[in-house]
Amino acid sequence: VVDGGGDGRLERLVLRDRRSGDEETVEAHGLFLMIGAQPLTDWLPADVERDAQGFVLTGADVSDGRAWPTDRSRLLLETSMPGVFAVGDVRHDSVKRVASAVGEGSIAIQLLHQLLGAEDGRVRSGNPSRDRP
Ligand SMILES: Cc1cc2nc3c(=O)[nH]c(=O)nc-3n(C[C@H](O)[C@H](O)[C@H](O)COP(=O)(O)OP(=O)(O)OC[C@H]3O[C@@H](n4cnc5c(N)ncnc54)[C@H](O)[C@@H]3O)c2cc1C
(Lines give C-alpha, C1' and ligand atoms only; values in the text may rest on other atoms or scores of the structure.)
Protein backbone atom coordinates (compact mmCIF):
# COMPACT_ATOMS: atom_id res chain seq x y z
CA VAL A 1 0.00 0.00 0.00
CA VAL A 2 1.69 3.19 -1.11
CA ASP A 3 -1.13 5.73 -1.01
CA GLY A 4 -4.80 6.20 -0.27
CA GLY A 5 -7.47 8.88 -0.24
CA GLY A 6 -11.09 9.86 -0.21
CA ASP A 7 -13.51 12.67 0.57
CA GLY A 8 -13.72 12.76 4.37
CA ARG A 9 -13.23 9.00 4.62
CA LEU A 10 -11.17 6.25 3.02
CA GLU A 11 -12.42 5.48 -0.49
CA ARG A 12 -9.39 4.20 -2.39
CA LEU A 13 -5.92 2.72 -1.99
CA VAL A 14 -2.95 2.73 -4.32
CA LEU A 15 -1.22 -0.66 -4.42
CA ARG A 16 2.26 -1.26 -5.84
CA ASP A 17 3.45 -4.66 -7.05
CA ARG A 18 6.79 -5.14 -5.28
CA ARG A 19 8.28 -7.11 -8.17
CA SER A 20 7.17 -5.15 -11.23
CA GLY A 21 6.67 -1.73 -9.59
CA ASP A 22 3.27 -1.43 -11.31
CA GLU A 23 0.68 0.59 -9.39
CA GLU A 24 -3.11 0.33 -9.41
CA THR A 25 -5.81 2.23 -7.59
CA VAL A 26 -8.54 0.13 -5.98
CA GLU A 27 -11.77 1.03 -4.22
CA ALA A 28 -11.51 0.51 -0.43
CA HIS A 29 -13.66 1.41 2.56
CA GLY A 30 -11.34 0.08 5.26
CA LEU A 31 -7.69 -0.84 5.83
CA PHE A 32 -6.42 -3.32 8.41
CA LEU A 33 -2.66 -3.56 8.92
CA MET A 34 -1.22 -6.71 10.50
CA ILE A 35 2.47 -6.22 11.27
CA GLY A 36 5.03 -7.82 13.54
CA ALA A 37 4.16 -11.49 13.06
CA GLN A 38 7.61 -12.63 11.88
CA PRO A 39 9.52 -14.67 14.51
CA LEU A 40 13.01 -13.54 13.25
CA THR A 41 14.81 -16.49 14.84
CA ASP A 42 17.49 -17.06 12.17
CA TRP A 43 20.20 -16.15 14.68
CA LEU A 44 19.39 -19.16 16.89
CA PRO A 45 21.68 -22.20 16.59
CA ALA A 46 20.35 -25.22 14.69
CA ASP A 47 20.17 -27.08 18.04
CA VAL A 48 17.08 -25.03 18.87
CA GLU A 49 14.45 -26.60 16.63
CA ARG A 50 12.03 -24.34 14.77
CA ASP A 51 9.05 -24.94 12.49
CA ALA A 52 9.01 -23.99 8.79
CA GLN A 53 8.07 -20.37 9.68
CA GLY A 54 10.80 -20.03 12.31
CA PHE A 55 8.66 -20.42 15.44
CA VAL A 56 10.47 -22.29 18.23
CA LEU A 57 9.26 -25.79 19.11
CA THR A 58 8.87 -26.63 22.80
CA GLY A 59 7.79 -29.57 24.97
CA ALA A 60 5.93 -32.33 23.13
CA ASP A 61 6.17 -30.40 19.83
CA VAL A 62 9.93 -31.04 19.56
CA SER A 63 10.65 -33.78 16.99
CA ASP A 64 10.98 -37.31 18.42
CA GLY A 65 14.24 -37.92 16.59
CA ARG A 66 16.04 -35.02 18.29
CA ALA A 67 19.03 -35.90 20.48
CA TRP A 68 18.27 -35.25 24.17
CA PRO A 69 21.49 -35.56 26.16
CA THR A 70 19.99 -35.83 29.67
CA ASP A 71 18.16 -38.51 31.72
CA ARG A 72 15.18 -36.32 32.56
CA SER A 73 12.11 -35.63 30.42
CA ARG A 74 11.84 -32.40 28.47
CA LEU A 75 9.83 -29.82 30.43
CA LEU A 76 6.81 -27.93 29.13
CA LEU A 77 8.09 -24.81 27.29
CA GLU A 78 11.63 -26.25 27.09
CA THR A 79 13.14 -26.24 23.60
CA SER A 80 15.17 -28.97 21.91
CA MET A 81 18.21 -27.57 23.77
CA PRO A 82 18.20 -28.59 27.47
CA GLY A 83 17.73 -25.63 29.82
CA VAL A 84 16.60 -23.27 27.05
CA PHE A 85 12.94 -22.22 27.21
CA ALA A 86 10.74 -20.33 24.75
CA VAL A 87 7.57 -18.40 25.61
CA GLY A 88 5.17 -15.99 23.97
CA ASP A 89 4.74 -15.19 20.32
CA VAL A 90 8.04 -16.76 19.25
CA ARG A 91 6.85 -20.18 20.46
CA HIS A 92 5.28 -22.54 17.92
CA ASP A 93 1.47 -22.78 18.34
CA SER A 94 1.31 -20.17 21.11
CA VAL A 95 -1.87 -18.12 21.49
CA LYS A 96 -0.28 -14.84 20.27
CA ARG A 97 -1.87 -12.61 22.92
CA VAL A 98 -0.34 -10.38 25.61
CA ALA A 99 -1.95 -12.22 28.53
CA SER A 100 -0.79 -15.64 27.33
CA ALA A 101 2.78 -14.42 26.68
CA VAL A 102 2.97 -13.00 30.21
CA GLY A 103 1.49 -16.19 31.67
CA GLU A 104 3.92 -18.42 29.80
CA GLY A 105 6.78 -16.26 31.06
CA SER A 106 5.77 -16.83 34.67
CA ILE A 107 5.40 -20.58 34.06
CA ALA A 108 8.89 -20.69 32.53
CA ILE A 109 10.36 -19.14 35.69
CA GLN A 110 8.68 -21.83 37.79
CA LEU A 111 10.05 -24.54 35.48
CA LEU A 112 13.51 -23.02 35.71
CA HIS A 113 13.37 -23.22 39.52
CA GLN A 114 12.26 -26.85 39.17
CA LEU A 115 15.18 -27.58 36.86
CA LEU A 116 17.77 -25.84 39.04
CA GLY A 117 16.32 -27.52 42.15
CA ALA A 118 16.69 -30.95 40.54
CA GLU A 119 20.25 -30.15 39.49
CA ASP A 120 21.43 -28.99 42.92
CA GLY A 121 19.51 -31.71 44.78
CA ARG A 122 16.84 -29.61 46.47
CA VAL A 123 13.38 -28.38 45.55
CA ARG A 124 13.01 -24.68 45.00
CA SER A 125 9.55 -23.18 45.41
CA GLY A 126 10.19 -20.08 43.30
CA ASN A 127 9.69 -17.99 46.44
CA PRO A 128 13.15 -16.84 47.71
CA SER A 129 11.87 -16.38 51.28
CA ARG A 130 10.92 -20.08 51.43
CA ASP A 131 14.03 -21.46 49.74
CA ARG A 132 16.82 -22.11 52.21
CA PRO A 133 20.20 -23.45 51.18
C1 LIG B 1 -0.57 -5.60 15.00
C2 LIG B 1 -0.74 -6.40 16.27
C3 LIG B 1 -1.83 -6.21 17.08
C4 LIG B 1 -2.00 -6.96 18.25
N5 LIG B 1 -3.09 -6.75 19.05
C6 LIG B 1 -3.23 -7.44 20.19
C7 LIG B 1 -4.34 -7.22 21.06
O8 LIG B 1 -5.22 -6.38 20.78
N9 LIG B 1 -4.43 -7.93 22.20
C10 LIG B 1 -3.47 -8.86 22.55
O11 LIG B 1 -3.58 -9.47 23.63
N12 LIG B 1 -2.42 -9.09 21.74
C13 LIG B 1 -2.28 -8.42 20.58
N14 LIG B 1 -1.22 -8.66 19.76
C15 LIG B 1 -0.27 -9.71 20.13
C16 LIG B 1 0.69 -9.23 21.21
O17 LIG B 1 1.31 -8.02 20.80
C18 LIG B 1 1.71 -10.34 21.42
O19 LIG B 1 1.05 -11.56 21.69
C20 LIG B 1 2.65 -10.05 22.58
O21 LIG B 1 3.28 -8.79 22.41
C22 LIG B 1 3.69 -11.17 22.67
O23 LIG B 1 4.63 -10.84 23.64
P24 LIG B 1 6.08 -11.45 23.53
O25 LIG B 1 6.81 -10.94 24.74
O26 LIG B 1 6.00 -12.90 23.29
O27 LIG B 1 6.72 -10.82 22.20
P28 LIG B 1 7.00 -9.32 21.82
O29 LIG B 1 6.06 -8.37 22.49
O30 LIG B 1 7.07 -9.29 20.32
O31 LIG B 1 8.43 -9.03 22.45
C32 LIG B 1 9.60 -9.60 21.91
C33 LIG B 1 10.72 -8.57 22.11
O34 LIG B 1 11.96 -9.18 21.79
C35 LIG B 1 12.71 -8.25 21.05
N36 LIG B 1 13.68 -9.01 20.25
C37 LIG B 1 13.47 -9.73 19.13
N38 LIG B 1 14.61 -10.30 18.71
C39 LIG B 1 15.56 -9.94 19.60
C40 LIG B 1 16.96 -10.21 19.71
N41 LIG B 1 17.59 -10.97 18.81
N42 LIG B 1 17.61 -9.67 20.75
C43 LIG B 1 16.98 -8.91 21.67
N44 LIG B 1 15.66 -8.63 21.61
C45 LIG B 1 14.96 -9.12 20.59
C46 LIG B 1 11.70 -7.52 20.20
O47 LIG B 1 12.21 -6.28 19.78
C48 LIG B 1 10.56 -7.36 21.20
O49 LIG B 1 10.70 -6.19 21.98
C50 LIG B 1 -1.03 -7.91 18.61
C51 LIG B 1 0.09 -8.09 17.79
C52 LIG B 1 0.24 -7.37 16.64
C53 LIG B 1 1.47 -7.57 15.78
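The values are calculated or read from the model by the stated rules, or taken from the named source; none is laboratory data. On a predicted model such as this, the values are computed, not experimentally measured, just so you know. Every residue, glycine among them, receives a Cβ derived from its backbone with ideal geometry; neighbour counts consider all protein chains shown. Just so you know, the surface numbers come from the protein's heavy atoms only, side chains and all, with ligands and any DNA or RNA stripped out. Shrake-Rupley method; radii C 1.70, N 1.55, O 1.52, S 1.80 Å.
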**OP:** Measure nothing but the geometry: give the 0 to 90° angle between the long axis through the Cα atoms of 98-119 and the longest principal axis through the Cα atoms of the chain, rounded to 10°.
**Re:** 20
Subject >> Helix-only [θ]222 nm of the chain, DSSP H runs n ≥ 4, -39500 (n - 2.57) each, per residue, nearest 500 >> reply: -6000 deg cm²/dmol
Subject >> Accessible area per residue, Å², the chain with all protein chains present, probe 1.4 Å >> reply: 72
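Excluding Glu11 itself, calculate the net charge of residues whose Cβ lies under 14 Å from the Cβ of Glu11, where each Lys or Arg counts +1 and each Asp or Glu counts -1.
-1
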Original post:
Say R0 is 22 Å: what FRET efficiency, to the nearest 0.05, do Asp7 and Ile35 get from their beta-carbon distance?
Top reply: 0.20
**OP:** Give the long-range amide H neighbours of Gly4: residues separated by 5 or more places, or on another chain, with amide H under 5 Å away, using H modelled in the peptide plane at 1.01 Å from N.
**Re:** Val14
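Using the beta-carbon distance between Asp22 and Ala52 and R0 = 25 Å, what value does 1/(1 + (r/R0)^6) give for FRET efficiency, to the nearest 0.05? Could you put the intermediate results ahead of the total?
Numbers: r = 30 Å, r/R0 = 1.21.
Approximately 0.25, to the nearest 0.05.
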**OP:** Would you be so kind as to identify which of Val48, Gly21, Ile35 lies farthest towards the positive end of the dipole of the stretch 1-76, taking Lys and Arg as +1 and Asp and Glu as -1 on Cβ and the Cα centre as origin?
**Re:** Val48
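For Ala60, what charge total do you get from the other residues with a beta carbon under 11 Å from its beta carbon, if Lys and Arg give +1 and Asp and Glu give -1?
Working: positive: Arg74; negative: Asp61, Asp64, Glu78, Asp93.
Computed value for this residue: -3.
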**OP:** Choose one of Val2, Val84, Ile109: the residue whose Cα lies farthest towards the positive end of the charge dipole of the chain (beta-carbon charges +1 Lys, Arg; -1 Asp, Glu; about the Cα centre).
**Re:** Ile109
Original post:
In the calculated pair distance distribution of the chain, what percentage of Cα-Cα distances lie above 19 Å?
Top reply: 65
**OP:** Heavy atoms only, probe 1.4 Å: what % of the accessible area of the chain goes to carbon and sulfur, would you let me know?
**Re:** 54
